[in-house]
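Laboratory data are not the source of any read-out in this text; all were calculated from the coordinates shown. Everything quoted here is computed from the prediction, not taken from an experiment. Cβ sites come from the backbone with ideal geometry, for glycine too, and all protein chains shown count toward neighbours.
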Amino acid sequence: MQAMDWLKEAVIYQIYPQSFQDTNGDGIGDFQGIIKRLDYIRSIGINTIWLNPCFDSPFGDAGYDIRDFYKIAPRYGTEEDFEELVKEAHAREIRVVLDFVAGHTSMDNPWFQAEAEKPHSADSNRYIWRNRDFDPATGPQKGDFVSNFFWYQPALNFGYSEITEPWQDPLHAPGPQKNREEMRKILAYWFDRGCDGFRVDMAGSLVKPQDTPASVEATKAIWQEVRAWMDEAYPDRVLLSEWSFPSRSINAGFHLDFMLHFNTPGYSSLFFNGKGTLAPPKDQAYCYFDAEGQGSLDVFLKSYSEQREATRGKGLITLPVGCHDFQRLRCAPRGWDELRCAWVFFMTQAGPPTIYYGEEIGMRFVENLEPKEGSTLAGITAVNAGTDLGERAGTRTPMQWDDSKNAGFSTAPAERLYFPIDPDEDRPTVESQDKDPNSLLNFVRELIRLRKANPVLGTDGEFTFLNTTEQHYPFAYLRELDGARCLVVINPSRHARSVDLRVAGEPCEVLLGQGCVCERHGESLSVTVAGHGFGIIPLR
Ligand code: NOJ
């Protein structure tokens, strides 16, 4: 099947491998653990998994600092374990997407080490050396080279669109050429081992100075070349970008972009409540998915519709349910009721849903954890973070499977766990939620089932915002596809809200609803939604 055909039907599950399931008792998740849980993953309705970087690394940034792009990190298992994972996933019709850190490496990477051993020489430039006169005894230090994120993540050299310093290379210098060739080698190597695609870390960061119009165009050109090659050589594999700028990334050849907390605004205005890592935009005191009901959809809708218009028919946008870089959705004071409302939105969005592990059972953002492997950004100026991401540890705690030791994550002594288990006595687990028909997990399963059974709710359907009153509560939008029409209304606030919508069609039996009543009055459809209510209602 061609890449886009399966991606449109994808429901993606993001696995942070170190925190998912440990099987060898070292306190860190592994491939065998993922294999063990594939049936569970399938039971949710997921058909694609994306693993955060699982390559050889000193783990200064949890694996986003790669030492060897062609080698599995031993802590996750052997090369054979990786192959078994791909085989077992494919046997269950689950595709496997890996994470490609295209723009930087670890300082331990042999490419970096080789260049670092030759100070005063300008013959090799896979990296961007500001200063090659460093003391060979100490090796290069912070500032001697250009970094991409933490200072110890040296940027790979893709050249400068505009040269202002003698140490900057033009786009087609030998170093940048070498790096571009290597990109294809890396992708092909993993594609040949059965990988179905890559999520590309900081996809917009290649050409420097980053984000100037000329550099954006030059970076896009690099990806367009990659995509053209993939369309020929691997037409069934996908490229997903962490760029959070669909009008750039999709036009650069990516099949899909994540709308996140940076670049295009919108995500934060919906979900960040300032109690976890991030706050809503400065001029907005409350995020939209908040029980106070004082948020606004303005920022999101403007940004989202602009990005959709710019990418229509060319590629997809996903608004992910959580991610390893910011607070979990269940971040106090947001509670279970608002959570369900958010899930209705996520599972009826016009792009493939992406679910960060544990969100489906409502795992909590855990505060005040000791940082680990670059989890904290507070007080650190990560070069390109663009925003203060703050604490990422609370989002990376181990998956909660059951009530056995360490919540079923690992048999290791508690102090050896990658991160501690959420200490909350009432922490949700897969086992308890699986049994409870009213659990969040079963609600999520039902939403995914509905999305699959009703293509109008899926990726191809049109998305039109309907509630244009100033209040924006309830959130109301129309999904349309091939003559089918479906209204979605969501009221994350704790107060009942009503709105008259200018939309044609008779409301039919709700597909899923809670406290939602619709009545036709001439031209308008009067909708009343109880606090924390929602409805998915076909219109005929
Ligand atoms: C974005 C990743 O999502 C994040 O976890 C990482 O720290 C930076 N890129 C640097 O690679």
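What share of the DSSP beta bridges in the chain is antiparallel, in percent to the nearest 5?
Here the antiparallel bridges make up roughly 60 percent for the chain.
What is the spread of the Cα atoms of the stretch 54-156 along each of their three principal axes, largest first, in whole Å?
54, 23, 20 Å, listed from the longest principal axis down.
On average over all directions, what projected area in square nanometres does the stretch 461-539 have, based on the convex hull of its Cα atoms?
Taking the Cα atoms of the stretch 461-539, their convex hull projects to 4.7 nm² on average.
Pull out a ≥ b ≥ c, the square roots of the eigenvalues of the alpha-carbon gyration tensor of the stretch 318-442, then state rounded if a/c is under 1.5, prolate if not and a/b is larger than b/c, and oblate in the remaining case.
In terms of gyration-tensor shape, oblate.
If the chain between Glu225 and Ala310 were fully stretched, how many nm would it gain, using 0.36 nm times the residue separation less the Cα-Cα distance?
Working it through step by step, the gained length comes to 28.6 nm.
Given the pairs Lys220/Lys302; Lys372/Lys435; Lys275/Lys405; Lys36/Lys178; Lys185/Lys314, which span a C-alpha to C-alpha distance of over 31 angstrom in this model?
From the list (Lys220/Lys302; Lys372/Lys435; Lys275/Lys405; Lys36/Lys178; Lys185/Lys314), the Cα-Cα distance tops 31 Å for Lys372/Lys435; Lys36/Lys178.
In debye to the nearest 20, how big a dipole does the chain give about its Cα centre with +1 on each Lys and Arg Cβ and -1 on each Asp and Glu Cβ?
820
With r defined as the distance between the Cβ atoms of Asp236 and Ala332 and R0 fixed at 45 Å, what FRET efficiency is calculated, to the nearest 0.05?
That pair, Asp236 with Ala332, gives E of 0.55.
Using the beta-carbon distance between Glu506 and Lys302 and R0 = 45 Å, what value does 1/(1 + (r/R0)^6) give for FRET efficiency, to the nearest 0.05?
Given R0 = 45 Å and the Cβ-Cβ separation, E is 0.90.
Roughly how many nanometres apart are two label points built 7 Å out from the Cα toward the Cβ at Arg130 and Asp283?
Going by the 7 Å Cα→Cβ label model, 3.5 nm.
Count charges around Ile163 for me, please; just the other residues with Cβ under 15 Å from its Cβ, Lys/Arg as +1, Asp/Glu as -1.
Taking every other residue near Ile163 into account, the sum is -1.
For Ala530, project a label point 7 Å along Cα to C-beta. Then give me every residue of the stretch 405-443 with its amide nitrogen under 18 Å of that point.
438-440, 443
Assuming 0.36 nm per residue, please report the length gained on full extension of the stretch Ser432 to Lys71 beyond their Cα-Cα distance.
126.2 nm
In nm, what is the difference between 0.36 nm times the number of residues separating Gln113 and Phe463 and their Cα-Cα distance?
Here the segment from Gln113 to Phe463 would lengthen by 121.0 nm.
How large is the translational diffusion coefficient of the stretch 395-474 in µm² per second when you combine the Kirkwood radius over alpha carbon pairs with Stokes-Einstein at 37 °C and 0.692 mPa s?
The estimated diffusion coefficient comes to 204 µm²/s.
Compute log10 of I(q)/I(0) for the chain with the Debye formula, placing one identical point scatterer on every Cα and leaving out solvent, at q = 0.09 Å⁻¹, to two decimals.
Log10 of I(q)/I(0), two decimals: -0.66.
Let me make sure I get this right: for the stretch 439-479, a, b and c are the square roots of the gyration tensor eigenvalues over alpha carbons, sorted descending. Under 1.5 in a/c it's rounded, otherwise prolate if a/b > b/c, else oblate. Which is it?
oblate
Which peptide among 454-460, 490-496 comes first, and what is the full order, when sorted by highest mean count of other Cβ atoms within 10 Å?
490-496, 454-460
Can you compute the modelled spin-label distance between Asp402 and Glu93, with each label point 7 Å from Cα toward Cβ, in nm?
Taking the two extended label points, one gets 2.8 nm.
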